[in-house]
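What follows is one structure encoded as structure tokens, with my remarks underneath.
The values are calculated or read from the model by the stated rules, or taken from the named source; none is laboratory data. Small disclaimer: the values here were computed from a predicted structure and weren't measured. Cβ placement follows ideal geometry from the backbone for every residue including glycine, while neighbour counts extend to all protein chains displayed. Side chains are part of the model used for accessible areas, which takes the heavy atoms of the whole protein and leaves out ligands, DNA and RNA. Shrake-Rupley method; radii C 1.70, N 1.55, O 1.52, S 1.80 Å.
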Amino acid sequence: MINLDFIDKKIVNRETVILDGATGTELERRGVTMNSAAWSAEAILGAPEVVRAVHADYIRAGADVITCNSFSLARHMLLRAGLEGRFRRLNADAVKIAVAAREGANRPVAVAGSIAPTTFCDDPNLCYPPDANAFAWYHEQAEILAEAGADILIIEMIEDIRQGSLAVEAALRTGLPVWLGFSCVKNAAGEIMLWEQGHTLRDGVEAIAGIGGDAAFIMHTETRDAAEAFAILKSRWRGRIGVYAHSGVFVMPNWLFTDIITPEAYAAEAKKWIGLGAEIVGGCCGIGPEHIRRLKALPA
Ligand SMILES: [Zn+2]
């Protein structure tokens, strides 16, 4: 674990904190095969050197925080992939690969452990963790990531109020800083909804913000909708705040790299988010090291 004061110092000095870009889709772009049930999970076993190279490239691009490849390592995802027996080892290794990648960096870089209360399944009612186990499973993952050396836990893809709340509560139990990532989509009526579309983002933030957490993000949201979603988040969140949006389309288990926003255009969008008050920016699916390099180069 490292001292995270550098993040607060940057924000106080009005310097934007830079996150990495996508991990899973970047692995895919580099030729790593994705699992049909658990997406990027197997990369930890099959291509650890590529995972490490992705992290290292983001550090070179200027990331202050890198997120380890544990997005697909929730117990409910590994169960469907038949990998649940490797739950502990995969999560611990995901952190260790990211920690190894930051060795040699000449400045502080934080490692975030990702916990995703989401599912790659067509019927979320069947594919989220069973009610009786959900809290315990998220908590177990949070503890493993913390013990392995994560500096921050980031709850990614908050798309459903119940699952998101349980994952946030579980992560807070570790005592590590907890960051919340709200994933949004604009519906046909033009409302910004949580990804599952059962609730508006406004209701989602109101329900979950009171539980706790140190920073909140609009993440895994179409780049063009992120500013509007960010304004809603900002009106209801009092902690640190940021955006990491996506570009492209997911057709399980692959991200389609068609019409990916250029690094220049993505940086121009990020400039808008920073103007609206975003303190931390990075990228989600489809956003790679070159995009992050452009974010880093934005004038303060
Ligand atoms: Zn994403």
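Observations on the structure shown:
Okay, residues lined up against (1) over 16 Å from the mean Cα position of the chain (by Cα); (2) assigned to a loop (DSSP other than H, G, I, E, B); (3) within 16 Å of the ligand (Cβ to nearest atom); (4) not polar (S, T, N, Q):
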residue: E228; (1), (2), (3), (4): yes, no, no, yes
residue: Y244; (1), (2), (3), (4): no, no, yes, yes
residue: E269; (1), (2), (3), (4): yes, no, yes, yes
residue: G275; (1), (2), (3), (4): yes, no, no, yes
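- The one condition from (1) open to solvent by less than 10 Å² (accessible area, probe 1.4 Å); (2) within 16 Å of the ligand (Cβ to nearest atom); (3) farther than 17 Å from A150 by Cβ; (4) assigned to a helix (DSSP H, G or I) that Y58 does not meet is (3).
Table: residues versus (1) among the aromatic types (F, W, Y); (2) at pLDDT below 95; (3) assigned to a loop (DSSP other than H, G, I, E, B).
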site: F6; (1), (2), (3): yes, no, no
site: S72; (1), (2), (3): no, no, yes
site: M77; (1), (2), (3): no, yes, no
site: R88; (1), (2), (3): no, no, no
site: N91; (1), (2), (3): no, no, no
site: A94; (1), (2), (3): no, no, no
site: A100; (1), (2), (3): no, no, no
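- Any hit, the range 267-290, residues being at pLDDT below 95, surrounded by fewer than 22 Cβ atoms within 10 Å (Cβ to Cβ) and either β-branched (V, I, T) or over 30 Å from R80 (Cα atoms) (or both): no
- Positions within the range 34-55 being surrounded by fewer than 23 Cβ atoms within 10 Å (Cβ to Cβ) and more than 25 Å from Y128 (Cβ to Cβ), in sequence order: G46, A47, P48, E49, V50, R52, A53
- Within the range 277-287, the set of residues being more than 14 Å from the chain's Cα centre (by Cα) and within 13 Å of the ligand (Cβ to nearest atom) is empty.
- Entry remark, the range 246-265: residues being within 16 Å of the ligand (Cβ to nearest atom) and in a helix (DSSP H, G or I) number 0 in total.
- Which listed residue is touching a Lys or Arg at 6+ places or on another chain (Cβ under 8 Å), touching a residue at least 24 places away in the same chain (Cβ under 8 Å) and either aliphatic (A, V, I, L, M) or within 16 Å of M77 (Cβ to Cβ) (or both), from I144, I158, I154: I144
- Residue ranges of strands (runs of 3 or more DSSP E) in the range 112-203 with at least 3 members within 16 Å of the ligand (Cβ to nearest atom): 152-158, 178-186
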